[in-house]
Ligand code: ME8
């Protein structure tokens, strides 16, 4: 199904540093990688998804010391939290590589030895301004006021012998290679960025640190007074996980490798890695896909700024599928995006609760009442059916084109085009009206079969993106086959299956602010607004229909046999009223007499404990302990004055 007819598909994410917990940025990369891997499995490809953790270096050793544990214990712990996060987010990685594993160290050392023997590595002397925070040397050009541009701390002049990889000699080859294979680095802007970098002379790459300075690393096989440094260790994970050089996995998957990264690590992946591969005699990867940054509040996520969005925070609150949908739909792959919870809730309500949730709810409600039946083939057409099937075909082609470019946002847009067509089909065929007319039963049955077919189709094409919802849809329509794009086309279903109603797939979120404050659980367990009887957002006109007035409390007394109620006599200026208020646990009868409060004056009268109550007193309360405060005026207004 791919233009180049590949059947194996190998996809990698970066391996993440274990000096911080997984956050939104890590989650984005891993979620889109998962969606891509699921898509390829759906297409029948032999798919392998790799992620993992990058665990060596001084910063990790220092973090471990600060935590009072050994580096190994520390990395075990943090690497474990990454693994758990991905499991909880439903990530279907086929392997998880850690740079502290024996299988990885073995391959790093083998590649280093190969390059050493081939004369690609030499011992050189280097003097430079070193930042211990960054664990790197800075060139004169990069230094700001004599300090590290990142940490603003003084740099230390260090002169030492280190091993270098002869990267400079690959410069001409690399420029030619990138120009000859324009499809390798995508989107195009990043290829241009790399060609820009390559206009300056490429330096040899320092690949070691003396063990006197950095102990927590992989020793060089030809000089164990040194350990490998950062990229020579990390990048090799992509082949060590495949058991380079002669593992089955390596033979099977390496020719079909795609790396997925954020733009922060473009240079190591687009410059160091191809040179390393070329020097080691390994084929250069097939594609490098690069995405932009998630910014929060207009800036980069940073611990110091305190705007780090934890990977699981939103999934926990609104559900995994909603989180996946939002990050894939909102970010244009390759460009930066600003993250906001309001935008998240907006998409959840419009796209998931409305477009998808309502369609599924309407269709399954109708189908649950329908009688399962096999319809005579071929089905006579109902107006609009052929167009709907064509829209399904167009959606599949749109998804395919988009996924070839890692354009997740376009893939989802293609499916949502189809959802629009499906919602219009329900509106125009009006099955609820057909159901009332026995003479139109045949037509109704054909519409029902098409609706079931629509749901079946959605249960397949949504699978890579919203795996939880897709599975629920498949269960609702009794489709127990393993989802496959080969079965996706609409038109094959000639019957009305037994369908279970599926409502509340994505409940609307009406008050995310309230949720934020109270830390309410995930949306999957929240009732929808309708179920909870909450009002949708109101217009000014709606609000004006509520008549709020100032009322003076003239008298108050306890309601016999009630712990909660007080009977208040209030003046609204021209009239007196009785209002029964549930405030007795917070106010003694005398507390409010003489005070001016705010009441809903046009509330329908109601009888409480046998007393007719003609309005409601406004009060606020906390959710946890229910402490309550009645609204009073902070300046005098006459009783009866309107509040708005
Ligand atoms: O760089 N927006 O690890 P790392 C989007 N260990 N994606 C983001 C992001 C953001 N604000 N922040 C991080 C390392 N990411 C090395 C990689 S690979 C051989 C070694 C994602 O923990 C994005 O994928 O800093 C980025 O490339 C990666 O996390 C960096 O993760």
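Values quoted throughout were computed directly from the atomic coordinates according to the rules given, and no laboratory measurement underlies them. If you're wondering where the values come from, they're calculated on a predicted model, not measured in any experiment. All Cβ positions, even for glycine, are placed from backbone atoms using ideal geometry, and neighbour counts span all protein chains on display.
Label positions at residue 157 and residue 21, each projected 7 Å from the Cα along the C-beta direction, are separated by 4.4 nm. Its Cα gyration tensor gives segment 398-456 an equivalent ellipsoid. The semi-axes, each the square root of 5 times an eigenvalue, are 33, 10, 6 Å from largest down.
Put simply, when 59-65, 343-349, 32-38 are sorted by average Cβ atoms within 10 angstrom per residue, most first, you get 32-38, 343-349, 59-65. Between residue 632 and residue 607, take the C-beta separation as r, use R0 = 35 Å, and let me know the FRET efficiency to the nearest 0.05. Given R0 = 35 Å and the Cβ-Cβ separation, E is 0.85. Cβ-to-Cβ counts within 10 Å put 361, 206 in ascending order as 361, 206, the fewest first.
Over the C-alpha atoms of the chain, the Rg to Rh ratio, Rh being the Kirkwood estimate, stands at 1.09. Computed over the Cα atoms of segment 44-103, pair by distinct pair, the Kirkwood hydrodynamic radius stands at 12.7 angstrom.
The Rg/Rh ratio of segment 27-160, with Rg taken over Cα atoms and Rh as the Kirkwood radius over Cα pairs, comes to 1.07.
I'd like the orientation of helix 441-461 relative to the chain: the angle between its Cα long axis and the longest Cα principal axis, in ° from 0 to 90, rounded to 10. The angle comes out at about 40 degrees. Any chance you could check the Cα centroid distance between segment 568-631 and segment 415-443 for me, in angstrom? Computed from Cα coordinates, the inter-centre distance equals 50 Å. Debye calculation, C-alpha points only, no solvent: report log10 I(q)/I(0) for segment 329-398 at q = 0.18 Å⁻¹, in the same order as the q values. Taken in order of the listed q values, log10 I(q)/I(0) reads -1.00. Compared with the dominant Cα axis of the chain, that is its longest principal axis, helix 467-476 is turned about 50°. In plain terms, if you count all Cα to Cα distances in segment 413-488 and split them into 10 Å steps from zero, the share in each step is 18, 44, 29, 9, 0 percent. For segment 562-644, the pair-distance distribution built from all alpha carbon pairs, in bins 5 Å wide starting at 0, is 3, 13, 26, 26, 20, 9, 3, 0 percent.
When 323, 137 are sorted by how many other C-beta atoms sit within 10 angstrom of their C-beta, beginning with the fewest, the order is 137, 323. Short-range pairs are left out: with C-alpha atoms under 8 Å and at least six residues apart, the relative contact order of segment 130-192 is 20 percent.
How high is the relative contact order of the chain, in percent, with contacts defined as C-alpha pairs under 8 Å that are six or more residues apart? Mind dumping the intermediate values first?
Values: 1074 pairs, mean separation 71.8, N = 644.
Here the relative contact order equals 11 percent.
Taking the alpha-carbon centroid of each part, what is the distance from segment 356-399 to segment 1-73 in angstrom? After rounding, the separation between the Cα centres reads 38 Å. The alpha carbons of segment 564-603 occupy a box of 29, 22, 14 Å along the principal axes, longest dimension given first. For segment 132-268, the C-alpha radius of gyration sits at 1.24 times the compact-globule guess of 2.2 N^0.38 Å, with N the residue count.
Just to verify a number: FRET efficiency for residue 72 and residue 132, C-beta to C-beta distance, R0 = 25 Å, to 0.05? Don't skip to the answer; put the middle values down first.
Working: r = 22 Å, r/R0 = 0.88.
It comes to 0.70.
By other beta-carbon atoms within 10 Å, ranking 328, 301 with the fewest at the front produces 301, 328.
Specify, per residue and in Å³, the volume enclosed by the convex hull of the alpha carbon atoms belonging to segment 93-142. Let's see the in-between values first.
On the way: hull volume 8.5 nm³, N = 50.
Normalising the Cα hull of segment 93-142 by residue number yields 171 Å³.
For segment 1-130, relative contact order (Cα pairs under 8 Å, six or more residues apart, normalised by length) works out to 28 percent.
Based only on Cα atoms, what Rg/Rh ratio does segment 217-343 have, Rh being taken as Kirkwood's radius?
Details: Rg = 18.7 Å, Rh = 17.6 Å.
Rounded to two decimals, Rg over Rh is 1.06.
Tell me the angle of helix 102-117 to the major Cα principal axis of the chain, expressed in degrees between 0 and 90 and rounded to the nearest ten. That works out to roughly 40 degrees.
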